[in-house]
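Each value in this text was obtained by applying a stated rule to the coordinates, not by laboratory testing. Note that this is a predicted model, so its numbers are computed, not measured. Note: ideal-geometry Cβ built from the backbone for every residue, glycine included; neighbour counts use all protein chains shown.
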Amino acid sequence: MSLAALPGQERAVRFLRRLLVTRSLPPALLFTGPQGAGKADAAWAFAKALNCTAHKDDCCPLPAPGTASPCPSCSAAEKGLDPDLQRVDAEFQAAVLDEDAAKQKSLRIDTLRHVLRVFEMRSMEGRWKTAVLLDAHRLVPDAANAILKGLEEPPPRAVWILVTHRPAELLATVRSRCQSVRFAAVPLAAPTTSEADPADWVKDPMAPFTLAEGLPRELHLARPRAEALLDLAGAWLRRQRGREVYASGPARFVLRDLEALRAALRRNADPRLTVELAALRLQELDSVEKPR
Ligand SMILES: [Zn+2]
């Protein structure tokens, strides 16, 4: 997702764009705000934007049919092939320490030492190095202190982005060294481009794909958004058909399927797949019921 596509965060996005244009960055940023506000998406977009060769104050949008392909830098970042961009989370730590991802409860000092080593490596002329620390409240104190030490003499063109919905759990010394960027709560029912209207999903053959791609990358953020989309689809269908929905066999089956998908989501089904299937079901219904 690009900064431009981030719903409901005009203030934070305006601030980030200004940083991108002026390139006078603090060595550490702290993204705070409620879960589901898009902090992690914003951090990732901002990190990509720093090295984007196509845009000054944003990254390239994700590849989708009908849009220009992303620049080589954004494309490499999306594929996880950009050595200058570190996305520090449980999976990253598991890979660095050669451990089981499910067992990573906190961000530890060895992981942070690894990040710091990458920061010290030379990169191609003019490129920025970014470490996006997701769930930064999971930093253990000595790992947080390693960051502080790194901030004493920050390498040029290196930036930390700490992301958390629980900033109070961070060491005060870390909080005070970061420039804070606050993200507002986004009401789930807020209109967000075409995402919010199931009537559009039915018309647009690409909708199942674009909806799924539009979900946040982090599972814990994608899940509530996917749930909201399923609810929206169900409510729309009921509204569309009114009482008829109970008389119409096919629509009733779709409602039942939507319920089943929602249940699957609660049992850890993949949010993208769930949303894609829901949109496909709505489209199927539309084509069945349309007189040919
Ligand atoms: Zn780009």
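Points worth noting:
- Relative contact order, percent, segment 193-289 [alpha-carbon distance under 8 Å, six or more residues apart]: 41
- Relative contact order (%) - criterion: Cα under 8 Å, at least six apart; region: the chain: 21
- Remark: C-alpha extents of segment 193-289 on the principal axes read 39, 27, 18 Å, sorted largest to smallest.
- Basic side chains Lys and Arg get +1 at the Cβ, acidic Asp and Glu get -1 at the Cβ, and with that the dipole of the chain about its Cα centre reaches some 560 debye.
- Prolate/oblate/rounded label for segment 1-75 (Cα gyration tensor, a/c 1.5): oblate
- Compared with the alpha-carbon gap, the fully stretched path from Thr22 to Lys79 is longer by 17.8 nm at 0.36 nm per residue.
- For segment 3-182, fraction of C-alpha pairs farther apart than 23 Å, in %: 39
- Charge-dipole axis of the chain as Lys and Arg at +1 and Asp and Glu at -1 on Cβ define it, positive-most pick from Thr130, Pro63, Ala144: Ala144
- In the elastic network of the chain, a GNM with C-alpha springs shorter than 10 Å, the most mobile of Gln240, Gln179, Gln86 is Gln240.
- Cα-only Debye scattering, segment 100-151: base-10 log of I(q)/I(0) at q = 0.13, 0.17, 0.32 Å⁻¹: -0.35, -0.57, -1.34
- Evaluated with a Cβ-only charge set (Lys, Arg +1; Asp, Glu -1), segment 193-289 carries a dipole of roughly 420 debye about its Cα centre, given to the nearest 20.
- Among the GluC sites (Glu not before Pro) in segment 84-141, those placed in a DSSP loop whose Cβ has at most 15 other Cβ atoms within 10 Å are Glu99, Glu125.
- Taking a ≥ b ≥ c as the square roots of the eigenvalues of the Cα gyration tensor, segment 134-190 is prolate, since a/c reaches 1.5 or more and a/b is larger than b/c.
- Within a Gaussian network of the chain (alpha carbon springs, distance under 10 Å), most fluctuating of Gly66, Gly214, Gly126: Gly66
- Sequence-ordered 3J(HN,Hα) estimates for segment 84-94 from the Karplus curve with 6.51, -1.76 and 1.60 and θ = phi - 60° stand at 7, 10, 10, 9, 8, 8, 4, 5, 4, 4, 4 Hz, glycine and proline given as x.
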